[in-house]
Amino acid sequence: MKVFGAALAFLTVAASAQTSGDLVTLKVQGNVYLITGAGGNIAVQTGDQGVLVVDTGLAEMGDKVVAAIRKLSDKPVQYIINTHVHPDHTGGNDAVRKAGLTYVGANVTGNLTDAGVGAQILAQDNVLKRMSAPTGKQAPTPFGSWPTETFLSGRKQLFFNGEPIEIIHQPAAHTDGDSLVIFRRSDVVVTGDLFVTTSYPFIDVDRGGTIQGEVDALNNIMEIAIPGLQDEGGTYIIPGHGRICDQPDLLEYRDMVTIIRDRIQAAIKKGMSLARVKAAGLTKDYDGRYSAKSGFGTADQFVEAVYNTLSRKK
Amino acid sequence: MKAFRWLLCGFLLACGLHAQPQTPKAAATIDLSGYWVSIVTEDWLYRMVTPAKGDYASVPLNPAGRKIADTWDAAKDAASGNLCKAYGAPAVMRIPGRLHITWQDDYTLKIETDAGTQSRLFHFDASKAGAGGDWQGASVANWDIEAGARGPLPGAGLRVVTSHVKAGYLRKNGVPYSANVQMTEYYDRVNERNGDSWLIVKTIVEDPAYLTGPFITSTHFKKQADSTGWNPTPCTP
Amino acid sequence: MKIRAAGLILLVAMGCWGQGPGGYNPIGPGVSLDGNWGPVFHEDAHERGPGPELVNYLGLPITDGARMYGLAWDASRFTIPEHQCEVHIVSYIYRGPYNLRIWEEHDPVSQKLIAIKQYIDNYQQTRTIWMDDHPQPPEAAPHTWMGFSTGKWEGNILTVYTTHLKWGWIRRNGLRHTDQATLTEHFIRHGNHLTHVSILTDPITLTEPLIKTQDLVLRVQNGQTWLYPCEPVVEIERPRGTVPHYLPGENPFLHEFADQYHIPVDAALGGAATAYPEYQSKLKQAGAK
């Protein structure tokens, strides 16, 4: 069995990879699949009870995401879980929600006639706060995308399709509303943008992100994920963007974030300004791999976020 | 019918010509000719600089060999005109430098090195190999037919057996080989998708006088488009 | 009469072109690499066995970024539980001590070669080299220590291409290539000798492809297991998430190796130029022996 282990993993992934327009679907492990190409990564759990989706991609990809989910299962989507508020992970909420239904009442209006209309959307409470607006004010996102059930801190637990699922809040990390989603029997962790393979972490300071929270979250994932034999596989990790990973892959990223934090911390202690820190090239050993060419996750952006959140008076 | 007979005769003639043994140059299935540069990514401290006396790590030296290595005297070699002791056939391919490989004739492949300005002749006709006795000895070559090869042999490598070499050094710090040394080499060429070509030289040195077993190394050279960098220099300590 | 003549021509043709070395064998091309192979450490024994010195990047075509990464690396990182069981990546594993067993997998009906398999007893790694037009895994597929490999025969040389690698060693003293690296290998057999050529390409950490050649001999001894199974333990109590490293400019070993061997620090810091013969004149100018 060992002889075919790694080869089997590749065979399984290669054989199960489907393309649907811009989207690629791969089986991860157990009941969990990855849909990639819709913005942020999307995890899909299937089974007899229905479908559970973690994140929904960009709004404009909603129909394609639904089509890709349908290829995996014709059962209704019962749950959407959002790892955080960003639109490349929540944009498709409305489209995917409408493709599903809920067998228990939602708490949006308290009206039992709402039960059965669309899937439930679960998230940490700050996600709802940032997607909605107080009465009378214009909300940044459509009502149909909003989480229908939230939790404040700690964790929320489900049991679905034969496995326990934990949603664990990671405070003040990438944002103030991040959650890890853990499929305990499938042994898959979905991290949202707490971990990506495509760039430096984007610490969204305006939405409550901090470097220390990000480091803590990465260490939490490190402790949850257990590598398989020969230090690969085992717990699979679906990052917010990029390929399917395992603990050793995450380890490189965790080390990188920690080292850069330490360097900037040392620079702050020496009294260096942000401009001097940027000029010092403290990320040069990692820029080739992780600095995004544009948009989110550039070296400059990362250094600035780390500097600013470390410099805050406590 | 007459036309058919002519066709048959022509065909048999063509077969006859084909069946004539080809010269080694014509039979070559890999092209070793041209300029090659050594890329020293291994054994750097033993090749790019002269290692310290007594450092013969990696070489399977026996006690007799270690005794000679431990008493190496560079000045003595210089004074006696033996600066090229480390440029003999068993060692010259490990000296960083460039090779220029050409066919001297249809039966003789020539390798010139700019480092130490050495010249090696690989004779496919063993009778022409000569008596040796100098730093490069007598080398007999053949296109290597790997036992157990299962298909046609495009890319068969070159096998060279060298003997009758003047006693010298496997490394510049006096790690010895005797005049009874026998060396077998394999030359293979690989071509990469990015356009690079590499010459891989596997060297098996056997010398019961000083070695406990075969001393096996593989040296790689990158193909150059021309003679850029060709820099003949005398032997150096 | 004409039919007999045609038949004669055909027989003669088979005779003509069937002669000479390498008469075609319908089983397939190449040469069998089956058997147990053990490495020979007649080059770089010290680096490949006990390990390279710190800040010894001689001959390696590393980028500035890779050098900075290496200089930041503290060997104490091996003491962290999550680093203790790391497997040698396929681009490095053939450098170390191991026993290598090679065998072939054939389709049970057609006997067509499907894959060449390798068991490397160091870290208990099993490697599959697909020989049958196997589809490349998608970009989002996991990366592994042995990567995804396809192979082909070029004459009697097995050429292998590998992608989907994890981060891994360029040299075991802190120099690493990224997970974007690709590997080309050639396995060349001559009798009981096998030469393994590896060419690593990673534009993020290498300015040009890095070539190494390793020698193996056919052995009777069967490989078993070595360094595995592995169980990480806490060796040193540290605050959670500590990653041992040196701040930029503070590596205390910067000069140690260079001074010990009387070579310039610039040489020890590596770079493509240090691998070319002309670098010797620079060494002479710097007074290296």
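The values are calculated or read from the model by the stated rules, or taken from the named source; none is laboratory data. The model shown is predicted, which means the values in this text are computed figures rather than measured ones. Glycine gets a Cβ as well: all are built from the backbone with ideal geometry, and neighbour counts include every protein chain shown.
Condition check for B:I204 on (1) more than 10 Å from chain C (Cβ to nearest Cβ); (2) among the aliphatic types (A, V, I, L, M); (3) within 12 Å of the chain's Cα centre (by Cα): one failure, at (1). Return a yes/no flag: does segment A:290-306 have any residue that is without any contact (Cβ under 8 Å) to a residue 24 or more places away in the chain, within 11 Å of chain C (Cβ to nearest Cβ) and buried (at least 18 other Cβ atoms within 10 Å of the Cβ). For segment A:290-306, residues without any contact (Cβ under 8 Å) to a residue 24 or more places away in the chain, within 11 Å of chain C (Cβ to nearest Cβ) and buried (at least 18 other Cβ atoms within 10 Å of the Cβ): absent. Whether any residue in segment C:208-226 is part of a loop (DSSP other than H, G, I, E, B), within 11 Å of chain A (Cβ to nearest Cβ), crowded, with 17+ Cβ neighbours inside 10 Å and at pLDDT 95 or above is what I want to check. No, segment C:208-226 has no match at all.
For segment C:34-75, give me each residue that is more than 15 Å from C:I263 (Cβ to Cβ), part of a loop (DSSP other than H, G, I, E, B) and within 14 Å of chain A (Cβ to nearest Cβ). Residues satisfying the conditions are C:T63, C:D74. Being touching a strand residue (DSSP E or B) at 6+ places or on another chain (Cβ under 7 Å), part of a loop (DSSP other than H, G, I, E, B) and closer than 24 Å to C:A140 by Cβ is a property that A:L194 has. The residue that is surrounded by the most Cβ atoms within 10 Å (Cβ to Cβ), counting only those in segment A:134-150 that are more than 16 Å from A:V54 (Cα to Cα) and at pLDDT 90 or above, is A:T141. What about C:P203, is it within 14 Å of chain A (Cβ to nearest Cβ), out of contact with any Cys (no Cβ under 9 Å at 6 or more places or on another chain), farther than 30 Å from B:K202 by Cα and assigned to a loop (DSSP other than H, G, I, E, B)? No. Does segment C:124-141 include one or more residues that are within 19 Å of the chain's Cα centre (by Cα), touching a residue at least 40 places away in the same chain (Cβ under 8 Å) and more than 14 Å from chain B (Cβ to nearest Cβ)? So far as segment C:124-141 goes, yes, one or more of its residues are within 19 Å of the chain's Cα centre (by Cα), touching a residue at least 40 places away in the same chain (Cβ under 8 Å) and more than 14 Å from chain B (Cβ to nearest Cβ). For A:R254, the stated conditions do not hold, so it cannot be described as more than 28 Å from A:S179 (Cβ to Cβ) and within 14 Å of another protein chain (Cβ to nearest Cβ). Among the residues examined, A:R207 does not qualify as surrounded by fewer than 23 Cβ atoms within 10 Å (Cβ to Cβ), touching a residue at least 24 places away in the same chain (Cβ under 8 Å) and touching a strand residue (DSSP E or B) at 6+ places or on another chain (Cβ under 6 Å). The set of residues in segment A:208-266 being modelled with pLDDT under 95 and in contact with a Leu (Cβ under 8 Å, 6 or more places away or on another chain) is empty.
For segment C:76-88, give me each residue that is at the interface with another protein chain (Cβ under 10 Å from one of its Cβ atoms) and among the hydrophobic types (A, V, I, L, M, F, W, C). Across segment C:76-88, the qualifying residues are C:I80, C:C85, C:V87.
Pick from B:A115, B:A156: which is farther than 30 Å from C:Y161 by Cβ and within 14 Å of chain C (Cβ to nearest Cβ)?
Just one listed residue meets the conditions, B:A115.
Please state which of the following conditions B:A209 fails to meet, knowing it meets all the rest: (1) within 12 Å of chain C (Cβ to nearest Cβ); (2) hydrophobic (A, V, I, L, M, F, W, C); (3) in contact (Cβ under 8 Å) with a residue 60 or more places away in the chain. Result: B:A209 passes all but (1).
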